[in-house]
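Quick notes on the structure that follows.
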Amino acid sequence: MLSKRKNSVFSAITSAMRAFMHKRIDSWLTRRIPQDNEQRINHRNIFIIPTRFGASFLFFILLLFLLGTNYQNNVIILISYFLVSFFVVTLLHSFFNLSGLKFQAKNSIQGFVDTQLYFPLIITSKKSRFNISFSFEQSTAWLKKKDKEQVNENNSAEVAVVQLALGESEIQVPYRVYQRGQYSLGRMLIASEYGFGLFRAWTRLDFAQQVTAYPKPITYLWSDTQQSVAGDEVKDKVESYQDSFQPGQDEFNQLRPYQLGESLSRVSWKHVARGQGWFTKQYQQALAGKLQLNFEYLPAGTLEQRLSWLSYAIKDCSNKQIAFSLKLPDQELAYDNSSQHTLQCLTALACY
């Protein structure tokens, strides 16, 4: 019991120290590498450290030098000097492989929670570059321990460019969305181990872009008094979300047992051939009306659940070209069926 308490205290102290160090490093990076939608890599924002292989290589050179001086062997000393020269030249190659690259970010990204988005980045180079990786270091401080492990696995997603050609090119950097809302995209890690893997040259750039994360769409069986449909023929009539459809020819809906007298053209002959019984295909089409999505009429649930239900309804209405309005406790968006209206409604859910 005592050991568990000691471990918990030690882990709490370690977490506090890590958070403090991350905060200080981030504030230092903000001063040294300010955010901008156009960034250029130079000596002020490139950091170089030896890799494990590079540190082992340097240790091997030191051993050779000590061995040569101890036995007064000029050949071994000459080899150690040659290896030191090679080490320094590789250091310069690692620096110049990143130095001079120009980046431009034009668009922020939008998407649903728990989806993988791709951030477009335009790169301009005056010469060929090699073995450069691009990835985002996403914060996991607000997640639970179980979710952090999942995020850390997904954070390994990166785009690696084996050879960057001369001129202008565009890449798509993966970004996983975990939290609803509008927030900063954060810093992108650009790294390279070009040059025999002895050094890791890297930088972290902030392109001053935002992420708009919409609630994850979750379907729900709506009851008869949860949404209202207003149209020429159904004015002031309260109907369910599914009741915004009527029998028709547009879209397959369901199978139901065959009833005597129904048209044989709608019989599901595949089921009959398999000996599964007689069924008829039922189709539906959207009513020529307007649908109101009202937060107040949703069933009982958490805030995130209710926003996810609305997100699914908005996406479904957009796919089926149904004019709809959105009513939240703090705002209301009028009827429309345009793609711009859909984005406005999803953004309102993200920021609520």
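The values are calculated or read from the model by the stated rules, or taken from the named source; none is laboratory data. Please read these numbers as outputs of a predicted model, since none were measured by experiment. We place every Cβ from the backbone using ideal geometry, glycine too, and count neighbours over all the protein chains shown.
Quick check on region 165-193: of everything there that is of a type in the set (D, E, K, R) and crowded, with 17+ Cβ neighbours inside 10 Å, which residue is nearest to the chain's Cα centre (by Cα)?
Of everything passing the filter in region 165-193, Arg176 is nearest to the chain's Cα centre (by Cα).
Can you name the helices (runs of 4 or more DSSP H) wholly within region 1-102 that have at least 2 residues being in contact with a Ser or Thr (Cβ under 9 Å, 6 or more places away or on another chain)?
Fully inside region 1-102 and qualifying: 52-71, 74-98.
Could you figure out which of (1) out of contact with any helix residue (DSSP H, G or I) (no Cβ under 7 Å at 6 or more places or on another chain); (2) assigned to a strand (DSSP E or B); (3) not charged (D, E, K, R) isn't true of Phe130?
For Phe130, the failing item is (1).
Any residue at all in region 82-94 that's closer than 19 Å to Asp36 by Cα and either aliphatic (A, V, I, L, M) or in contact with a strand residue (DSSP E or B) (Cβ under 9 Å, 6 or more places away or on another chain) (or both)?
No, the conditions are met nowhere in region 82-94.
Out of all the residues in region 253-292, which are at pLDDT below 75, surrounded by 13 or more Cβ atoms within 10 Å (Cβ to Cβ) and among the aliphatic types (A, V, I, L, M)?
Passing the criteria: Leu255, Val272, Ala286, Leu287.
Just give me the residues in region 194-212 being in contact with a helix residue (DSSP H, G or I) (Cβ under 6 Å, 6 or more places away or on another chain), in a strand (DSSP E or B) and surrounded by 20 or more Cβ atoms within 10 Å (Cβ to Cβ), in sequence order.
Within region 194-212, Phe199, Ala201 qualify.
Scan region 151-169 for residues that are of a type in the set (Asp, Glu), at pLDDT below 85 and in contact with a Ser or Thr (Cβ under 8 Å, 6 or more places away or on another chain) and jot them down.
Glu158
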